[in-house]
Amino acid sequence: MCGVVVQMVERRTPNSECVGSNPTNTANKSLGVIFIKVSSKDKTHVFEFETDVSILLLGDVHNGAQKSRFDLVEKVLKEYPHDYFVQIGDFNDVITKNSVGNVHEAKKQIQEQIDDTTRFFKLFKDRFLGIVGGNHDKRIYKDVGFDYLKSISEMFEIPYSPTFLVLDINITGSGRGSKNRNNYVIALHHGYSGGRTFGTTAKQLDDFETFLDGVDIYVTGHTHRPAIIPFRKMEYDRKNKKILYRDGYKINTSSFIDLERYAEEKLLRPQSFAIPRITLLKNERKILTEFVTPDSFERK
């Protein structure tokens with residue numbers, strides 16, 4: 001097992017062509033982009049690429065809330081048209097009569113939120129690598145036993161889990177089975193922390209790292225506090241009888257929601273809209289990281 005070299009970089013646009021040889025591919029011909037989902041088993045999904053891969057890590061959208069900036073999600077995806085993306089839960093606000101929050105303050109009712117979700121998934125399905133459920137998304141399931149994200153994800157063949165998801169990404173220039181293949185493992189979980197401080201954010205990332213080993217990039221959300229934290233850990237190689245080092249990142253996503261009445265009542269300060277972006281390299285095993293903000297961004 002090789003360690004991953006990690007590096008911070010400025011905003012850049014990678015090569016847009018991603019081509020693989022497996023017949024079960026998903027293509028977006030308008031972009032000239034193809035990614036190959038080789039296999040899916042339980043919470044693990046394997047992908048093949050033949051070029052550098054850039055991925056936007058999108059956090060809590062809270063579509064339907066009074067101050068949700070759902071419009072920014074589509075804008076940033078259009079500004080990075082060759083990037084893939086994942087979503088870390090709380091895609092919709094989903095206030096019900098049995099949940100925290102005032103249903104009368106919702107900007108959109110639940111049916112409209114689900115309609116938005118269906119349209120969005122359909123529009124961007126060829127770039128959508130995976131989604132996990134958040135605590136807001138699960139409110140409908142708790143009330144009536146219906147997992148709306150599961151149904152819509154299955155409709156468009158987007159990897160989904162209500163808990164955690166693992167993306168096993170292979171990049172090679174010579175097709176499947178090549179010896180020069182670079183492998184990257186990304187794990188997604190919405191998060192659980194009850195606070196929005198850097199300490200609670202770091203703790204939920206540490207807990208995720210303890211929960212699941214062998215991962216290069218851990219991604220959570222929930223606290224609305226964006227963070228990129230490099231890590232190094234030692235692992236014992238049983239086959240070669242030596243200690244190896246694994247370098248990677250623990251990343252927390254931002255939210256797409258401005259300060260609401262609930263946040264003001266709880267003295268929760270506004271959070272940055274900075275979006276974590278990673279690039280996985282083909283020619284060397286290296287992860288590039290950065291924060292990006294939509295060019296059209298302005299607070300309302």
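Structure summary
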{"item": "Filtered residues of segment 65-95 (kept if at pLDDT 95 or above and at positive phi)", "result": "GLY89, ASP90"}
{"item": "Candidate set from segment 213-234 (those that are under 13 Å from VAL185 (Cβ atoms) and of a type in the set (D, E, K, R)); member that is surrounded by the most Cβ atoms within 10 Å (Cβ to Cβ)", "result": "ASP216"}
{"item": "Selected residue (criterion: modelled with the highest pLDDT) from residues of segment 193-212 that are exposed (fewer than 15 other Cβ atoms within 10 Å of the Cβ) and polar (S, T, N, Q)", "result": "THR210"}
{"item": "Pick from segment 102-111, criterion in a helix (DSSP H, G or I) and aliphatic (A, V, I, L, M), ranking: farthest from SER161 (Cα to Cα)", "result": "VAL103"}
{"item": "Residue count, segment 70-101 (criterion: assigned to a helix (DSSP H, G or I), touching a residue at least 24 places away in the same chain (Cβ under 8 Å) and not acidic (Asp, Glu))", "result": "6"}
{"item": "Failed criterion for ASP207 (all others in (1) in a strand (DSSP E or B); (2) within 19 Å of the chain's Cα centre (by Cα) hold)", "result": "(1)"}
{"item": "Strands (runs of 3 or more DSSP E) (entirely within segment 215-300) containing at least 1 residues that are modelled with pLDDT of 95 or more and farther than 24 Å from ILE169 by Cβ", "result": "242-252"}
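The values are calculated or read from the model by the stated rules, or taken from the named source; none is laboratory data. Just so you know, these numbers come straight off a predicted model, no measurement behind them. Glycine also receives a Cβ, built like all others from the backbone with ideal geometry; neighbour counts cover every protein chain displayed.
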